[in-house]
1. Kindly express, to the nearest 10 degrees and within the range 0 to 90, the angle between helix 51-71's C-alpha long axis and the longest C-alpha principal axis of the chain.
2. Need the list of lysines near LYS48 for cross-linking: C-alpha distance under 29 angstrom, and skip anything on the same chain fewer than eight residues off.
3. What are the principal axis extents of the Cα atoms in the chain, in Å, biggest first?
4. Could you name the aspartates and glutamates in cross-link range of LYS8, using Cα to Cα under 17 Å and dropping any fewer than eight places away on the same chain?
5. What is the chain's relative contact order, in percent, from Cα pairs under 8 angstrom and six or more apart in sequence?
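Taken together, the values in this text are just the output of simple stated rules run on the coordinates, not laboratory data. In this text, all values refer to a predicted model and were calculated from it rather than measured experimentally.
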Amino acid sequence: MSATFQPKCCTRCGSTFEPTGAAAKFCPECRPEAVRERVRRNVAAWRKADPERDREARRRWRVGRKLRDAQA
């Protein structure tokens, strides 16, 4: 059983779109950029809240990257 939703207005561009869920806020054209913006904000907040853990995560990523590149 699938639900049908009333057309909504995109909060970014103002165009009308058919939502795929009850909480949809963005049209299909705006959704990818809206998700990227949200992820950027969340990552920036995480980095600011815990800089030591961020440094360690970046260090581990760089070491792993060097190992992967050496194997290729």
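1. Orientation of helix 51-71: about 80 degrees from the principal axis.
2. Qualifying lysines at Cα under 29 Å: LYS25, LYS66.
3. 51, 33, 26
4. Here the aspartates and glutamates satisfying the reach criterion relative to LYS8 are GLU18, GLU29.
5. Working: 43 pairs, mean separation 11.7, N = 72.
Result for the chain is 16 percent.
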